[in-house]
Amino acid sequence: MVSLIRRTVSRGFLALMILIALLPILWTILGSFKKLKDIVTPVPTLIFTPTLENFTTILQNPSIRDGLGNSVVIVGVSVLLGALFGIPAAYSLARHVERKKDDLQFFVLSLRFMPPVAIAIPFIIIYLDSGIYDTLAGLILVYLISTISTVIWLSVPAFERVPREIEEAAAMEGCSQAEIFIKFALPIAAPSLFGSLVFTFVLVWNELLLALTLAAENATLPVVAASITSLGKEVPWGVINASTVILVLPPLVFIGLLMGFINRMVATGRK
Amino acid sequence: MQKQRFVFWTLAPAFSILAILALVSVAGALYFSVMDRSLRYPDYDFVGLYNYQRLLGDRRFLNALKISAIWEVVTVAGSLLVAVFLSVYIFETTRSARTRNLICLAFLAPVLLPRVAAAFIWRFLYSPSLGLINYLTGLLGFGPIEFLADPQLALFSVAVVDIWQWGLFFTVIMLKLLETLPRDPIEAAQLDNAKTWEIHAYVTMPMLKAPVISLALVKAVESLRSFDLIFVMTGGGPGTSTETLDLYAYQAGINLGGRVSYASAMSILLLLITTVVFTLVWRGIRKWSA
């Protein structure tokens, strides 16, 4: 009897924790389908006639549409370039660098941890002076710091997990270094590499400060979303909810991938 | 020979881009921090350490330093406490792998949210007139609480959101780490009639010392970039009660007349603090886990 009560209590506690994790998100999604009069009620409403009004408002709003477009271009290009430069570097770091490896990895990691303000302030002056302020290219350039360093940081362990024997065998067959990398190491490490790219994507997609300082008209979606509150007198909560949902969707799609990624990281972290 | 060329051409482009960008931002910040550049006027002069000197006498800067310190302690300690407590709790009460996976999935969702989105979600929940939380406290008989407008509460209300994102994320990692631990020491302790909390306090947590320290480091450095969350939730207010260093640097450099040189000096100090903390802890981890 006591154990039954105990079990129920612990079940209840866990359920509460899951509720705390998810309810805020679900509530926002629900809110995005509500008319303003269903939101501004003294008692929260669960039953209401859903509306797509908020989403149509958003998608018809030119600044949000542009923000979305800019986000896609900026994030896409900077992650792609991050992969192009970062993955080969990570491979060489994992396989061919011995003495300087720690120093190089420390450098990469320290960039990851650089406070964005310390990047934003000098770059805004340089960008204003050189005329690339408020351009997509300018934002992509500063994002390369994050994407290249994150891709390297997360891809080195992925290449270290590729069995050395395969590469050694390929070298015996007379494959060049480049061939070994492209034909053997890359395909074997691909799943983990994909995970590191996803992580990088989420990081840049979510970024606010650099986009806020280094762009004005050509800002990304987080900047546009952050500025909605100041539109007009009445706080358009439905519209805010809807734009939050749009902002949230791309990263959330990757939740399963992140889970697999954590599993692998933990597994190799403690051999 | 051919191998060396391959190594060079794979490493050189990536590292030169990184080095140039890092150098430009650090050197740029250093250079502008000894000038009196503002965004309004194109010409500027050398002023030496004047900006740094002024920082030390700037109440608002000292306040930001204090807020940042409180923010660091609350969010790092909060996230780790939540992670340790919840992961042990789940580890002990939930045996089925499927349920554990479902819990993990739910706990991973918050950290994936853009900070801007998390900030909006919670601003909505915290709202005194139409927020869900104030409705619930209202049912319990408490009047509407001004979570974000009360200077005493605002910083902690924002910290709750940060812990909501990172504490739950770390819970998942800690749970996975607990699962990888060898069973023998735990079973040995059970044979000695150790209580569950004793097993975790004296057996499993000491075994996880190194990863817990790395998590603390990651969170400590991550907490220094609190800008997104605080900017959207309170904008540093009410007053300056939630204004951290990066927020003040932004306000001074971009918003308030664009005193970029002053902000540069601030970001140099921020960079210095980050680097010192980061290097010390990095060395510490190497030594401990070696």
Local net charge near B:Ile67, Cβ-Cβ under 14 Å (Lys/Arg +1, Asp/Glu -1): -2
Extreme residue, positive dipole direction of segment B:40-289, given options B:Ser226, B:Leu178, B:Gly236 (C-beta unit charges): B:Leu178
Exposed trypsin sites (Lys or Arg not before Pro) absent: longest stretch of chain B, with sites in DSSP loops and at most 16 other Cβ within 10 Å deemed exposed: B:96-194
Mean Kyte hydropathy of 1.0 or more with a Cα span along the axis of at least 24 Å, helices from DSSP in chain B: B:2-33, B:59-93, B:154-180, B:260-289
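Show that you can apply the helix-only estimate: for chain B, add -39,500 (n - 2.57) for every DSSP H stretch of four or more residues, divide by all residues, and state [θ] at 222 nm to the nearest 500.
Numbers: 13 runs with 208 residues, N = 290.
Calculated mean residue ellipticity at 222 nm is -24000 deg cm²/dmol.
Compute, for the protein assembly as shown, the length of the dipole vector about the Cα centre, with Cβ point charges of +1 (Lys, Arg) and -1 (Asp, Glu) only. Units Debye, rounded to 20.
On the way: 42 positive and 35 negative charges, 205 e Å.
Taking the Cα centre of the protein assembly as shown as origin, the dipole is about 980 debye.
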Low-density loop cleavage sites - GluC sites (Glu not before Pro) in segment A:151-234, where at most 11 other Cβ are within 10 Å (DSSP): A:Glu173, A:Glu217, A:Glu234
Exceeding the 21 Å Cα-Cα cut-off - candidates B:Lys66/B:Lys219; B:Lys209/B:Lys287; B:Lys66/B:Lys209; A:Lys101/B:Lys287; A:Lys100/B:Lys219: B:Lys66/B:Lys209; A:Lys100/B:Lys219
From phi via Karplus (6.51, -1.76, 1.60), per-residue ³J(HN,Hα) for segment B:144-151 in Hz, x at Gly/Pro: x, 9, 7, 4, 9, 9, 8, x
Magnitude of the charge dipole, chain B, Cβ model with Lys/Arg +1 and Asp/Glu -1, debye to 20: 680 debye
Hits among lysines - C-alpha to C-alpha of A:Lys37 under 28 Å, sequence gap 8 or more where chains match: A:Lys233
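How do B:Cys104, A:Cys175 line up, fewest other C-beta atoms within 10 Å first? Walk me through the numbers before you get to the answer.
Details: B:Cys104 22, A:Cys175 16.
Least crowded to most crowded, the residues run A:Cys175, B:Cys104.
How large is the charge dipole for segment A:1-112, taken about the Cα centre, if only the Cβ atoms of Lys, Arg (+1) and Asp, Glu (-1) carry charge, to the nearest 20 debye?
Working: 12 positive and 6 negative charges, 86 e Å.
Value, rounded to 20: 420 debye.
Laboratory data are not the source of any read-out in this text; all were calculated from the coordinates shown. Keep in mind the model is a prediction, meaning the values are calculated, not measured. Backbone-built Cβ (ideal geometry, glycine too); neighbour counts: all protein chains shown.
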